[in-house]
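Throughout, read-outs are computed from the coordinates displayed, never taken from laboratory work. All figures in this text were calculated on a predicted structure; none of them were measured in a lab. So basically every Cβ, Gly included, is an ideal-geometry build from the backbone, and we count neighbours across all protein chains shown.
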């Protein structure tokens, strides 16, 4: 491999793409632990509306959040393609409910654009950027930020 090809490969990151609310989102593949089929959750009282509940993941209690609800779009209707993406962050492990997993993408830096300033506040810091691939836009999510601000899940992750 030439130096130029090595540099181009280093500038590419792999993302898992998934769908929620008829929109494509992606997360860095290194933050994804596994993808599981939907299983019913056990509700927890007094949590944020986007928290679907908890599941038992090989003996460990795992909170599950609904991505669509987390982003303000209402609760996801469960279907046969609905899955739970298990996300590992530095602080915790969380399940993220999505409509379906779509693909794995290799995204280069030149395919990623920032969030337009006018909608910057609406992203709540969860959006790393927008990847434009073959005239299709995929919202790149920062799973650390998306799951970290949930002070109602798995103990407190509240920053003081």
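For residue 92 and residue 29, a Förster radius of 30 Å and the Cβ-Cβ distance give a FRET efficiency of 0.95, rounded to the nearest 0.05. Ranking of 128, 11 by neighbouring Cβ atoms within 10 Å, starting from the fewest: 11, 128.
Over region 30-102, the reciprocal of the mean inverse Cα-Cα separation, the Kirkwood hydrodynamic radius, stands at 12.4 Å. Both numbers refer to the Cα atoms of region 18-144; Rg and Dmax are 14.7, 45 Å.
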